[in-house]
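Take a look at the structure below.
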Amino acid sequence: MTAASPRPPGVLPACLTRPATPVTAYNEAIPVTLPAFQATPQSVQDVQEVVAFCRARGLRLSPCATGHDFEGRSLSGDVILHLSAFRAVKYDPRTTRVTIGGGAVVYDINQVLHAHGRAISTGTNQDVGITGLTLGGGAAYTSRQHGLTCDALLAADLVTFTGEHLHVTDESHPDLMRLLRGAGGGHFGVVTALTFRTYPITPVLTFHAHWPLDGAAPPIDLLEERLISAPDSLSMRVGANVTGPDRARQLTLSGQCFSGSATLDRHFGALRRHAHWTEQTLPYAEAMAGARHQTAGGAFKIKSRHAFTPVGGGLNALLDHLLTWTPTTNPDGAGFGLFAWGGAVRHFPPQQSCVPGRQSEYLASFDTAWTARDTPALTDGQLRWVHELDALAGTLLSSCAYVNFPDSDDQAFQARHQQPFLADLQAWTARLDPDHLGRQVSLAPSWPPAPSPPTGRQP
């Protein structure tokens, strides 16, 4: 541990400037913002000086790697701290561990690790920041085989919102380390580095299938059963979407298998021989790049719920709701997805993380998309529509959400997600952020305007 920077409080650090241009978020539903200051620290001491300045001036501080968080929280502070100078990736072949700068993105990490034949689970986007991904859990097609991103976390270097520089491990700060595995970012300070265990890469069998929802598609409860009952080496996502002015609906199935073609044949049988099924075995790096979430961009709203028990035929009510969607100018349309958890996700010691969805069968997400060309009334209608879809899902699924899919509609989102760990989270936040520097807020539009309690069965 090192003490805070000796720079006098309130003195403008050299790395701090007043921005000339606004900052933009990944989600175009987030309004363009012009913070009071932006910081581009080059060292840990620079970060400490920015923290001291914010404490002296009573300014909110938002660490930001990519601005990829869906509700703009990392751009909501008075001071935006950009971690672009903290992107180094250092692999140690002796220990097979990797230490990664807090501003690194998945692409940076994969480029270094794949050259050594190693990897960590890193989600489905190459341009996502590793810190936000990890602190919120981090799920990927690789998770059933290798666990969540946060499960591989061994250490974190953290400049707290009091200005201390901590090296956090299970041995030095077990309670804090637990919270860093899944409680989400922005609570305690600025993460400047992360250390992970890695695993050896292997070829990956990828597959994809799609069916128009015209009577020829397999029952969605069959796909749900296949998703839940898969071996640990097989992971998949079942999707249902609606697009275009004619509101065409489609079921999709995509995934990765780490144990070869025979596993797919045993698990899917006749489904695998459908005309709309494709598969190929790829080198690991190519398979991970190919798993990238495809989107046309624009604005969107997303919600989530974990499923701890099968829903079965109840999922047909969600399919029917797709027919009530009003088309927008965004070709992504709207829909929902069921993303497999289970497998190695369940094997990680529960007392060493705070991921309440760890024992779930899958994560369900619900979304809709629009563009700036759509009218305010249509945009409001999209927000209402996905709110209603989520409320319908609340009669079938749990109220447990995924922290990396925050929800501005739910004013008690953190409590909804972190109820088993809320007391510890609040205690550590009070200790490491007594001046409330990290009080990030959602910049995303919400529905309804007034707060409403979440619905859903408790796991």
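Coordinate-derived values only; no laboratory data. Here the structure is a predicted model, which means the values were calculated and not measured. Virtual Cβ from ideal backbone geometry, glycine too; neighbours counted across all protein chains shown.
Quick one: check the C-alpha center-to-center distance for the stretch 73-93 versus the stretch 316-377, whole angstrom.
27 Å
Based on DSSP H runs of at least 4 residues, each adding -39500 (n - 2.57), what is the mean residue ellipticity at 222 nm of the chain after dividing by all its residues, to the nearest 500 deg cm²/dmol?
Values: 13 runs with 112 residues, N = 459.
Per the formula, -7000 deg cm²/dmol.
Label points 7 Å out from Cα along the Cβ direction at His208 and Val11: separation in nm?
About 5.6 nm, to one decimal.
Can you find, among Cys354, Thr142, Val112, the residue farthest towards the positive end of the dipole of the chain? Put +1 on the C-beta of Lys and Arg, -1 on that of Asp and Glu.
The listed residue farthest towards the positive side: Val112.
Average projected area of the Cα convex hull of the stretch 224-300, in nm²? Show your work: numbers first, answer last.
On the way: hull surface 27.3 nm².
Result: 6.8 nm².
Can you compute the FRET efficiency between Ala423 and Arg272 using 1/(1 + (r/R0)^6), with r the Cβ-Cβ distance and R0 = 51 Å? Round to the nearest 0.05. Write out the running numbers ahead of the final one.
Working: r = 48 Å, r/R0 = 0.94.
Plugging the Cβ-Cβ distance into 1/(1 + (r/R0)^6) gives 0.60.
Can you tell me the 0 to 90 degree angle between the C-alpha axis of helix 44-57 and the longest principal axis of the chain, rounded to 10?
Helix 44-57 sits roughly 80 degrees off the main axis of the chain.
Using Cβ counts within 10 Å as a stand-in for footprinting exposure, how do Val112, Val98, Val47, Val23 rank, fewest first? Mind dumping the intermediate values first?
Details: Val112 16, Val98 23, Val47 30, Val23 19.
Arranged by neighbour count, lowest to highest, Val112, Val98, Val47, Val23 become Val112, Val23, Val98, Val47.
As I understand it, the dipole of the chain uses +1 on the Cβ of Lys and Arg and -1 on the Cβ of Asp and Glu, about the Cα centre. Which of Phe405, Leu323, Leu422 lies farthest toward its positive end?
Most positive-ward Cα: Leu422.
Treat every Asp and Glu Cβ in the stretch 196-253 as -1 and every Lys and Arg Cβ as +1, leave all other atoms uncharged, and give the resulting dipole magnitude about the Cα centre to the nearest 20 debye.
Values: 5 positive and 6 negative charges, 49 e Å.
The dipole of the stretch 196-253 has a size of about 240 debye.
Give me the distance between the Cα centres of the stretch 278-312 and the stretch 406-423, rounded to whole Å.
Spelled out, the Cα-based centre of one part sits 24 Å from the other.
How big is the charge dipole of the stretch 204-393 about its Cα centre, in debye rounded to the nearest 20, if each Lys and Arg gets +1 on its Cβ and each Asp and Glu gets -1 on its Cβ? Can you show the working numbers first?
Values: 15 positive and 17 negative charges, 54 e Å.
That gives the stretch 204-393 a dipole magnitude of about 260 debye.
Give the percent of DSSP beta bridges with both residues in the chain that are antiparallel, rounded to the nearest 5.
Values: 74 of 82 bridges.
Approximately 90 percent, going by the DSSP bridge assignments.
Can you give me the relative contact order of the chain as a percent, contacts being Cα pairs under 8 Å and 6 or more apart?
18 percent
What do the square roots of 5 times the Cα gyration tensor eigenvalues come to for the stretch 52-201, in whole Å, largest first, as semi-axes of the equivalent ellipsoid?
Three semi-axes, in Å: 25, 16, 14.
In debye, nearest 20: dipole of the chain around its Cα centre with unit charges on the Cβ of K, R (+) and D, E (-)? The partial results should precede the final answer.
Details: 34 positive and 38 negative charges, 105 e Å.
With Lys and Arg at +1 and Asp and Glu at -1, about 500 debye.
Can you report the principal axis dimensions of the stretch 1-110 using only the alpha carbons, biggest first, rounded to whole angstrom?
Over the stretch 1-110, Cα extents along the principal axes are 45, 40, 20 Å.
Over all distinct Cα pairs, what is the inverse of the mean 1/r for the chain, reported as the Kirkwood hydrodynamic radius in Å? Please report the intermediate quantities before stating the final value.
Details: mean 1/r = 0.0440 Å⁻¹.
Taking the inverse mean of 1/r over all distinct Cα pairs, the chain comes out at 22.7 Å.
Which log10 I(q)/I(0) values does the stretch 204-393 give at q = 0.08, 0.12, 0.14 Å⁻¹ under the Debye formula, counting every alpha carbon as one identical point scatterer?
Here log10 of I(q) over I(0) equals -0.28, -0.63, -0.85.
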